[in-house]
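Below is one structure, written out as structure tokens, with a few remarks after it.
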Amino acid sequence: MICVRRPDRRNGLTWPTNAYQVLAVVVLLLFSLAHFLVLCQYTSGPYQLVLLTVSVLVFGITVVTKVICTLTDPADTGIIRGELSTYGQKKAHFDRTNQGHVITADLFCQICKSYVDKTSRHCSHCNKCVLRFDHHCDYINNCVGRHNYGCYIGLLLSASTYALIVMGNTTYVLYRLSFKQRQFLADLDWTITPKILGRSVDPAILVTLLIVLLLLMAVAFVLVTNLLRLHLYLLYHGWTTWDYYCRNKDERKTHSYWKYKTPDSSVQAVTIATVCQNTVLARPTNKTSPMPSPPQSI
């Protein structure tokens with residue numbers, strides 16, 4: 001039964017916040033401070049000007065695309081304009097433990113009380129239907145759909161590029177400090193001791209901090225780049241993340257079944273792929289009952 005009632009979430013700043021969203025902001029801020037306040041001071045001449053210009057540009061694009069992705073309302077236009085729509089009101093909460101989906105075969109959402117597009121899905125986190133639903137991203141605390149998918153791709157592209165810039169600059173400074181320290185510091189008009197924000201620091205401590213920064217940036221770069229590669233692959237095939245998830249899950253679990261409640265109240269077994277379609281589904285309430293036999297052909 002659906003008994004909890006709460007309003008839908010408009011965007012990524014709607015309460016409650018997400019721990020991963022806060023973590024993403026903190027990590028981006030810390031890496032940026034380390035890059036602009038520490039690493040950039042170890043460059044000089046034309047290289048420093050080029051590095052600062054490119055870094056500021058890419059970092060600015062990353063921040064802007066993240067803000068747009070977070071603030072955009074990806075809701076289906078049908079639930080915004082529908083006469084009976086519950087958009088912005090307290091309504092039943094989509095509980096995945098009881099329901100596989102809440103959109104009927106004629107594309108009517110039973111929670112949003114409105115007809116929606118065939119590409120829309122009802123998000124259990126935002127509690128609303130999202131147009132061309134791709135996935136719910138915890139790092140922006142918002143759904144990714146048709147209205148913000150382009151900015152999301154731009155965010156992944158700019159974030160991976162920025163991570164690559166920081167990694168390259170860190171590697172350059174590490175190499176100069178490790179193998180050509182005296183010449184490197186002389187080129188910067190410093191003494192034999194490197195500095196951070198104008199204060200002298202032991203070279204071994206600085207090298208250790210740079211190695212830690214390089215490793216963390218490498219992890220971030222691999223994660224973001226893999227996510228970008230996945231979405232470029234999906235774009236090439238014209239799929240969403242939801243389509244990809246349903247396709248793979250049905251291939252892995254062709255004998256995993258749900259119970260589908262038909263209009264005449266009878267129950268029949270369906271595969272995971274049916275869950276991804278616009279049907280009204282419910283998990284079996286009796287966990288001790290045996291699973292139905294698989295159909296002869298799938």
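The values are calculated or read from the model by the stated rules, or taken from the named source; none is laboratory data. Source: prediction; values computed, not measured. No Cβ is skipped: glycine too gets one built from the backbone with ideal geometry, and neighbour counts run over all protein chains shown. The area values use the complete protein model at the heavy-atom level, side chains included, leaving out ligands, DNA and RNA. Shrake-Rupley method; radii C 1.70, N 1.55, O 1.52, S 1.80 Å.
The listed residues are 165, 140, and the only one of them that is crowded, with 16+ Cβ neighbours inside 10 Å, of a type in the set (A, V, I, L, M), at pLDDT 75 or above and in a loop (DSSP other than H, G, I, E, B) turns out to be 140. So, residue 19, is that one more than 17 Å from residue 167 (Cβ to Cβ), within 24 Å of the chain's Cα centre (by Cα), modelled with pLDDT of 85 or more and open to solvent by less than 60 Å² (accessible area, probe 1.4 Å) or not? So residue 19 does not fit the description; no.
If the condition is being at pLDDT below 85 and open to solvent by less than 40 Å² (accessible area, probe 1.4 Å), then the stretch 94-103 contributes 94, 99, 100, 101, 102.
Of the residues making up the stretch 232-249, at least one is at pLDDT below 90, farther than 30 Å from residue 35 by Cβ and either open to solvent by less than 30 Å² (accessible area, probe 1.4 Å) or in contact with a Gly (Cβ under 7 Å, 6 or more places away or on another chain) (or both). Residue count for the stretch 126-167 under the criterion of being farther than 20 Å from residue 77 by Cβ and touching a residue at least 60 places away in the same chain (Cβ under 8 Å): the result is 18.
Taking the stretch 66-80 as the range and being part of a helix (DSSP H, G or I), open to solvent by less than 40 Å² (accessible area, probe 1.4 Å) and not polar (S, T, N, Q) as the test, the residues that pass are 66, 69, 78, 79. I'm checking my understanding of the structure. Among residues of the stretch 42-52 that are open to solvent by 30 Å² or more (accessible area, probe 1.4 Å) and within 22 Å of residue 159 (Cα to Cα), which one is nearest to the chain's Cα centre (by Cα)? Selected residue: 52. I'd like to verify a number: residues in the stretch 143-162 that are assigned to a helix (DSSP H, G or I) and more than 15 Å from residue 51 (Cβ to Cβ), how many? Residues flagged as assigned to a helix (DSSP H, G or I) and more than 15 Å from residue 51 (Cβ to Cβ) within the stretch 143-162 amount to 12. Of the residues making up the stretch 168-191, those that are assigned to a helix (DSSP H, G or I), at pLDDT below 80 and surrounded by fewer than 17 Cβ atoms within 10 Å (Cβ to Cβ) are 178, 179, 181, 182, 183, 186, 187.
How about the stretch 57-81: which of its residues are within 16 Å of residue 31 (Cβ to Cβ) and in contact with a Phe, Trp or Tyr (Cβ under 7 Å, 6 or more places away or on another chain)? Residues satisfying the conditions are 58, 59, 62.
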